[in-house]
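Enquirer: What follows is a single structure, and I will ask about it in a moment.
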Amino acid sequence: MNTQPIMQGDEMHNLLPQRPPIVMVDKFYGVDDNISCTGLSVKETNIFCGNGYLHESGIVEHIAQSAAARVGFIFTQKNEPVPLGFIGSVDKLTINFLPKVGSELYTTITVMQEVMDITLVAAKVETEGQVVAECKMKIFLKRD
């Protein structure tokens, strides 16, 4: 996988349906087969931050948007509209610690299974070589 983002900042708006202040992915490193990687710079102004930390809800939203960025990238490469996605379930969520403001998150999304418009992914969020969180997430796509 790339060590430098192939998209970042406002370019992410092309991949995600979310808009500020809800955007929780600010870097996209690419897709390689069934794996994609994203990043997030945790800032004090993030609506999911408080008392100097990114809260659990922000971590889950970051994971969901990381999966959405993968789908958005694939669809934009095919010149097709980016579909909306909805979290169907979150399983086996483990949060080892809350990242501090100033942290750089690096998230790996691995597609475990795709059936029609349902995708099961495994996610791992890391910062400075430490695992912040892991889970499995089921995502439903809504196509027009």
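Enquirer: When ligands, DNA and RNA are left out and all protein chains stay put, how many square angstrom of accessible area per residue does the range 48-144 have with a 1.4 Å probe?
Expert: 53
Enquirer: Could you give the angle, 0 to 90 degrees to the nearest 10, between helix 56-77's Cα long axis and the longest principal axis of the Cα atoms of the chain?
Expert: Around 30 degrees separate the two axes.
Enquirer: For the chain: lysine pairs with Cα atoms under 19 Å, gap of 8 or more or different chains, count?
Expert: Summing the qualifying lysine pairs gives 11.
Enquirer: Largest first and in whole Å, what are the equivalent-ellipsoid semi-axes of the chain based on the Cα gyration tensor, each being the root of 5 times an eigenvalue?
Expert: After diagonalising the Cα gyration tensor, the semi-axes are 22, 17, 14 Å.
The values are calculated or read from the model by the stated rules, or taken from the named source; none is laboratory data. Please read all numbers here as calculations on a predicted model, not as lab measurements. Side chains are part of the model used for accessible areas, which takes the heavy atoms of the whole protein and leaves out ligands, DNA and RNA. Shrake-Rupley method; radii C 1.70, N 1.55, O 1.52, S 1.80 Å.
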